[in-house]
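Everything on this sheet refers to the single structure shown next.
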Amino acid sequence: MNIFDQIEQRTGLKVVYAYYNEVGGQPLKPPYCSYIGAGQSNFEADDTYYYSRNLKQLEYYFTKKSTAMETDIESVLLENGLLYEKSDDVYIE
């Protein structure tokens, strides 16, 4: 099971790719998560790639803040050995 399916299973949140925040032609209502590719992280030396990892950006959309939900999402990431950075909340009209 991939990480996004695990987040859905643990939290009950819908997880969608990028800007496809519709299901059955109807826009999703928060809370839900969206993810998108965020580049690549490489470890290289002496003109050789030793390690390469694709990065993802996960966004959690909500109308009422839930630190319990954020903790559940973070727990899934940590249980799968994934490092993450958390930004400040951003208000979207």
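The values are calculated or read from the model by the stated rules, or taken from the named source; none is laboratory data. It should be emphasised that the depicted structure is a prediction, and the values quoted were computed from it without experimental measurement. Using ideal geometry, Cβ is built from the backbone for each residue, glycine included, and neighbour counts are taken over all protein chains shown. What goes into the accessible areas is simple: the full protein's heavy atoms, side chains included, and nothing from ligands, DNA or RNA. Shrake-Rupley method; radii C 1.70, N 1.55, O 1.52, S 1.80 Å.
Can you send over the carbon and sulfur percentage of the accessible area for segment 30-93, probe radius 1.4 Å, protein chains only? Walk me through the numbers on the way to the answer.
On the way: 2570 of 5220 Å².
Solvent-exposed carbon and sulfur of segment 30-93 make up 49 percent of the total.
Remark: segment 31-93 carries a charge dipole of roughly 240 debye about the Cα centre, counting +1 on each Lys and Arg Cβ and -1 on each Asp and Glu Cβ. Note on Kirkwood radius over Cα pairs in Å: of the candidates (i) 13.8; (ii) 14.9; (iii) 13.1, the value calculated from this structure sits at (ii).
For Ile36, the shell of other residues with beta-carbons less than 12 Å away shows a net charge of 0, using +1 for Lys and Arg and -1 for Asp and Glu.
Rounded to the nearest 20, the Cβ-based charge dipole of segment 1-47 about its Cα centre (Lys and Arg +1, Asp and Glu -1) stands at 520 debye.
Order of 11-20, 24-33 by packing, highest average Cβ count within 10 Å first?
On the way: 11-20: 14.7, 24-33: 12.0.
By packing density, highest mean first, the sequence is 11-20, 24-33.
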